[in-house]
Amino acid sequence: MQTEIDPKEPIKVEKRPKKKKKNDSVVGYLLVAPALILILAISIWPVIQSFYFSLFDLQLNEPTKSEVHLDYQIDLDRYLQNFPFLVGAIDSEIDKGNSSEELTTIKSTLENLDEGIKEKPEAQENYDTINAKLDNFENIPADMKYIEIEEDVAQEFTTSVKEINADLRTINENGNLEQGDKIVGLSSALTEIVVEPNFVGFEHYKENLTDQRMWRSLWNTSVFTFISVLAELILGLAIALLINKAFLGRGLIRASILIPWAIPTAVAALMWKFLYDGQNGIVAKLFEDVGLVDRMAMLLTTDTGAMFSVIFADVWKTTPYMALLLLAGLQTISGSLYEAASIDGANKWKQFVTITLPLLKSSLLVALLFRTLDAFRVFDLIYVLTGGGPANSTETISMYAYTLMFKQTNFGEGSAISVVVFICVAIISGIFIKLLGSDLIKDGSGK
Amino acid sequence: MNKKAGPMFYVFLVVFVFLVMFPFLWMLASSIKPLSELFGDRAFNPFTSNPTLQNYVSVFVDYPFMRYLWNSTVVATITTVYTVLVASFAAYAIARLNFKGKPIILGVVLSVSMFPQVATISPIYIFLKNLGLTNSYLGLIIPYTTITLPLSIWLLVTFFRKIPFDLEEAARIDGASLWQTYWKVIMPLAVPGIFTTAILVFIAAWNEFLFALTINTADKFKTVPVGIALFQGQYTIPWGEISAATVVVTVPLVIMVLIFQRRIVSGLTSGSVKE
């Protein structure tokens with residue numbers, strides 16, 4: 001290495017700063033790229049997609065609505081299981097001379113419609129393949145089942161098929177058909193094979209804005225967030241102020257404080273469910289003895305009791321975390337400030353208001369921001385502890401979105417709710433970031 | 001504030017620690033009670049005269065609890081290793097190199113860390129389902145990136161910034177390449193920070209619930225939090241087993257927290273405190 005550098009040394013030194021800077025940015029972008037791509041693909045893109053899904057009537061357990069489609073489609077599989085048999089049955093009636101005049105018109109309409117479906121060459125191809133497969137009793141691959149058709153063709157198809165169905169019904173009621181019921185059945189089946197686009201625009205949002213359950217869950221979430229974060233803040237600050245001094249066994253205190261934070265929320269919720277139990281729960285018993293509740297069972301079976309229980313469990317789990325964050329903030333405040341203040345005759349309260357609070361402001365706001373967002377998206381605690389009950393009185397907005405999506409498989413409406421959650425979270429962080437100013441990003445820089 | 005602590009203070013501390021630990025201690029006491037003492041009047045008695053390990057045996061024999069533990073370990077470990085690796089590159093660049101757009105990148109990272117999981121779950125679920133990745137380890141590792149990557153970038157940037165710049169300058173002037181500087185100078189100094197980040201990421205991945213609940217529904221791929229939460233049957237709740245399982249998952253956490261508390265606290269508070 002050294003031998004190579006020797007002759008060119010002086011030139012290189014001169015050039016270095018410029019070259020290094022350019023090099024730096026290329027390497028910089030290269031190093032950041034993988035993380036940014038992942039964030040874009042796994043976090044940002046899904047949020048955009050959630051919004052897109054929320055504009056559709058997307059229902060995973062309904063075959064015709066399990067995907068988003070903007071176009072009209074025809075369920076070829078179903079069509080070909082009905083159409084040939086219908087035409088066949090009509091033919092045999094015509095041969096026998098039963099209402100042959102009306103039936104011949106109907107048959108020609110049907111055949112015209114059939115031509116309409118096969119108009120596009122690719123449709124014709126799918127049509128033939130499926131027909132062949134059906135003849136051999138083979139399964140139809142899912143991607144072949146549906147073909148796109150023009151809107152006017154689809155609409156014409158639907159209206160004519162409905163008319164035909166009605167006509168056939170009347171003919172059948174007049175009683176001159178041999179296989180009348182079969183023909184009517186087959187023609188009814190044809191009315192269900194057009195898949196309409198499931199784009200609904202802002203319909204889900206409109207429904208939700210007038211839906212009591214959604215407002216109630218939003219209200220529950222806000223109550224939960226506000227009360228629990230406020231309680232955590234007050235208790236956390238008190239604890240931080242109390243333990244901000246030198247004493248034996250600091251490490252032990254710190255560790256015991258961290259335990260509630262480290263336990264999985266689901267496990268903590270289950271623990272509390274045991275402690276709150278209406279018959280065997282020790283905490284329920286204590287609350288009853290103290291007179292906080294009239295009967296032990298009231299904790300988890302009444303609206304207020306359940307909300308209180310959930311908040312209490314959350315306060316237990318996160319106050320220590322809050323205290324830790326605030327303690328770290330307190331420790332950056334120099335002791336000399338307090339000494340100077342007490343020499344000037346300021347009492348404890350005055351010191352707290354004029355020194356501690358202003359200097360703690362940014363730590364306080366950051367801790368509040370993270371806790372508020374965490375509390376607002378609460379899911380596991382409530383899912384395990386109350387399941388949203390009794391009678392949805394502790395159902396939060398995340399719980400509601402989960403129920404819509406995974407219990408009712410209504411992904412369109414669930415996505416709409418999750419977009420609402422997202423917007424709420426964005427508003428909350430916006431407010432906090434405004435209060436914090438640019439402190440947040442600067443904090444990370446450690447100057 | 002170097003006030004000396006008085007005896008009353010220690011009384012307060014003992015009470016405080018007892019209150020914080022109470023639910024856990026109660027679970028510990030209940031986990032060794034025989035079934036008959038979990039219900040009725042004796043349920044309120046903290047100590048049992050007939051301690052039994054039956055609940056612990058049952059957790060491992062009657063439930064696939066070992067499997068849950070293994071699943072959680074695999075998912076959390078892989079998530080931690082891969083996120084911290086990817087994040088360390090990005091954080092190094094953001095903290096130490098000069099290029100345009102750094103505040104924007106940091107801003108994006110911070111906002112993404114605030115995303116509610118529920119806002120991403122429907123596309124992620126549909127995407128994983130179409131790829132056949134539901135009920136697999138990868139099916140959890142992929143979505144966990146949403147939570148862990150921003151967290152680790154954020155923490156690591158703070159740690160990388162604390163390393164003195166002079167060292168790097170010196171190494172570069174001595175002719176070390178960027179790669180050499182990274183591996184030989186920065187990395188050894190960043191190990192504590194990386195380790196701290198890894199602990200926090202591991203805990204976050206271990207504790208995650210919503211994705212685990214919705215994506216891996218087969219018993220074979222359930223993680224510990226979901227597994228325990230679904231112990232409760234339709235009509236009865238096996239409190240004895242639940243207590244035992246809670247103790248089994250909490251004890252390693254307690255030990256880990258005792259050993260690493262200093263690091264965890266430094267990780268939790270970095271970025272929230274001005275220095």
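One table, with the values for the structure above:
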quantity: Considering residues of segment B:98-154 that are of a type in the set (Ser, Thr, Tyr), within 18 Å of the chain's Cα centre (by Cα) and more than 7 Å from every other protein chain (Cβ to nearest Cβ) only, the residue surrounded by the most Cβ atoms within 10 Å (Cβ to Cβ); calculated: B:Ser152
quantity: Where B:Trp239 falls short, out of the listed (1) under 23 Å from B:Ala29 (Cβ atoms); (2) at pLDDT below 85; calculated: (2)
quantity: Which listed residue, of B:Ala190, B:Ala171, is surrounded by 19 or more Cβ atoms within 10 Å (Cβ to Cβ), more than 17 Å from the chain's Cα centre (by Cα), away from every other protein chain (no Cβ under 12 Å) and touching a residue at least 12 places away in the same chain (Cβ under 8 Å); calculated: B:Ala190
quantity: Leading residue by the ranking (nearest to A:Gly180 (Cα to Cα)) among those in segment A:91-121 that are in a helix (DSSP H, G or I) and in contact with a Phe, Trp or Tyr (Cβ under 9 Å, 6 or more places away or on another chain); calculated: A:Leu110
quantity: Considering residues of segment B:62-97 that are among the charged types (D, E, K, R) and farther than 30 Å from A:Asn23 by Cβ only, the residue surrounded by the most Cβ atoms within 10 Å (Cβ to Cβ); calculated: B:Arg67
quantity: Test: residue in segment B:53-64 that is outside any loop (DSSP other than H, G, I, E, B), under 30 Å from B:Thr146 (Cβ atoms) and either out of contact with any Cys (no Cβ under 7 Å at 6 or more places or on another chain) or not assigned by TED's automatic domain parsing to the domain that holds B:Thr217 (or both); calculated: no
quantity: B:Ala245 vs. criteria facing another protein chain (nearest Cβ under 10 Å) and under 30 Å from B:Val61 (Cβ atoms); calculated: yes
quantity: Hits in segment A:132-165 - residues which are polar (S, T, N, Q), assigned to a helix (DSSP H, G or I) and surrounded by fewer than 15 Cβ atoms within 10 Å (Cβ to Cβ); calculated: A:Gln155, A:Thr159
quantity: Residue pairs meeting the criteria (Cβ under 8 Å; at least 6 apart or on separate chains; first outside any helix (DSSP H, G or I), in segment A:244-263; second of a type in the set (Gly, Ala, Ser) and surrounded by fewer than 21 Cβ atoms within 10 Å (Cβ to Cβ)); calculated: A:Lys245/B:Ala5; A:Ala246/B:Ala5; A:Phe247/B:Ala5; A:Leu248/B:Ala5
quantity: Meets criteria (part of a helix (DSSP H, G or I), under 38 Å from the mean Cα position of the chain (by Cα) and acidic (Asp, Glu)) for A:Asp181; calculated: no
quantity: Pair list, Cβ < 8 Å and 6+ apart or interchain, from segment B:38-53 residues that are touching a residue at least 60 places away in the same chain (Cβ under 8 Å) to residues that are surrounded by 11 or more Cβ atoms within 10 Å (Cβ to Cβ) and among the aromatic types (Phe, Trp, Tyr); calculated: B:Leu38/B:Trp239
quantity: Subset tally (residues that are of a type outside the set (Phe, Trp, Tyr) and either without any contact (Cβ under 8 Å) to a residue 24 or more places away in the chain or under 19 Å from B:Arg263 (Cβ atoms) (or both)) for segment A:305-325; calculated: 5
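The values are calculated or read from the model by the stated rules, or taken from the named source; none is laboratory data. These numbers come from a predicted model, not from an experiment. FYI the Cβ positions are ideal-geometry reconstructions off the backbone, even for glycines, and counts take in every protein chain you see.
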